[in-house]
1. With a cut-off of at least 1 residues that are surrounded by 20 or more Cβ atoms within 10 Å (Cβ to Cβ), of a type in the set (K, R) and on the phi < 0 side of the Ramachandran plot, name the strands (runs of 3 or more DSSP E) lying wholly within the range 112-213.
2. All but one of (1) of a type in the set (A, V, I, L, M, F, W, C); (2) under 25 Å from G187 (Cβ atoms); (3) open to solvent by less than 40 Å² (accessible area, probe 1.4 Å) hold for A50, so report the exception by its number.
3. Just wondering, is there one or more residues in the range 24-37 that are of a type in the set (V, I, T), open to solvent by 80 Å² or more (accessible area, probe 1.4 Å), over 27 Å from W120 (Cα atoms) and in contact (Cβ under 8 Å) with a residue 12 or more places away in the chain?
4. Is it true that some residue in the range 84-91 is touching a residue at least 40 places away in the same chain (Cβ under 8 Å), crowded, with 16+ Cβ neighbours inside 10 Å, outside any loop (DSSP other than H, G, I, E, B) and not hydroxyl-bearing (S, T, Y)?
5. Look through L52, L23 and report the one residue that is farther than 19 Å from V86 by Cα, in a helix (DSSP H, G or I) and in contact with a helix residue (DSSP H, G or I) (Cβ under 9 Å, 6 or more places away or on another chain).
6. Which number in (1) assigned to a strand (DSSP E or B); (2) free of Cβ contacts under 8 Å to residues at least 24 places away in the same chain marks the one condition that A60 misses?
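The values are calculated or read from the model by the stated rules, or taken from the named source; none is laboratory data. Bear in mind that the values here come from a model prediction, so they are computed numbers and not experimental data. We place every Cβ from the backbone using ideal geometry, glycine too, and count neighbours over all the protein chains shown. Just so you know, the surface numbers come from the protein's heavy atoms only, side chains and all, with ligands and any DNA or RNA stripped out. Shrake-Rupley method; radii C 1.70, N 1.55, O 1.52, S 1.80 Å.
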Amino acid sequence: MSAKYQFDRVTMLVTHYNRSKSLEHLLKRCTEESLGFDEIVVSDDGSKPAHLNYVKELQAKYGFRLITTPVNKGLGNNINKGQDAVTSPYTLYVQEDFEPTPEFAVNFNNAVNLMDNESWDMIRFYTFPWAPFPYLQNYKYGYAKMLFKPYVWHMNHLKFRIYSDHPHLRRSNYFEKFGRYVEGQRGDPTEYNMCLKFIQKGGKALMFNGPDLFLHEAGAIEPNTMVRSKWKLSNSLPITTLRRMYLVGKVVNSSMQLKRMK
């Protein structure tokens, strides 16, 4: 049966690592929302045999193309090899622990139209509620421009995160403008390196300015494979003070890195 919402020029690229049940949930929700794409590519980062075998069972059911590697090589390599496999003009990038909402399809169609008719490099569909992007300007169709404000009085460190690994639409020739993802580093530095390159290369992005169009770990199906320190979540006064000093320093350090990249 054909999908109600068919996006023939878009490939959904899914990065996966040891979360095969989460991947199954994402694919099931796409089917339930009647979403169709030119192709679905799943890029696996050397998952354990039990997970990889289950992914292959899912492949037989959902018909996606599976790109594998014999050993774990990290987030950067996983996105690079996945993006290399895409042949359509646009890529919808999604990590395996997200799922589309019922409002996604109509708003995604608007995003594709914006990419067709305007010069956007990326359109985002999710942001952490406790870390919203600080400088937005309402645009059209419920989307907002993401503005990078370099001035010293714009001290919110989140201004550097115009790019994000969260679900987004981008042009499949993304590497031609912004370069490939750095490999051999942990996930967070890999993502942040791309954040800086996106700004340095003059990237233009929109973000949906309503309720998120993807949900993250809504069912808490499997534990997250990326473990982060808990100190950043503490609300005690000493930690809050140290965190503020750390974030101010991060703004200064990131600004210096951008200057060196130019």
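1. Filter on the range 112-213 gives 122-124, 168-171.
2. A50 satisfies every listed condition except (3).
3. Yes, the conditions are met somewhere in the range 24-37.
4. Taking every residue of the range 84-91 in turn, none turns out to be touching a residue at least 40 places away in the same chain (Cβ under 8 Å), crowded, with 16+ Cβ neighbours inside 10 Å, outside any loop (DSSP other than H, G, I, E, B) and not hydroxyl-bearing (S, T, Y).
5. Residue meeting the stated conditions: L52.
6. Every condition holds for A60 apart from (1).
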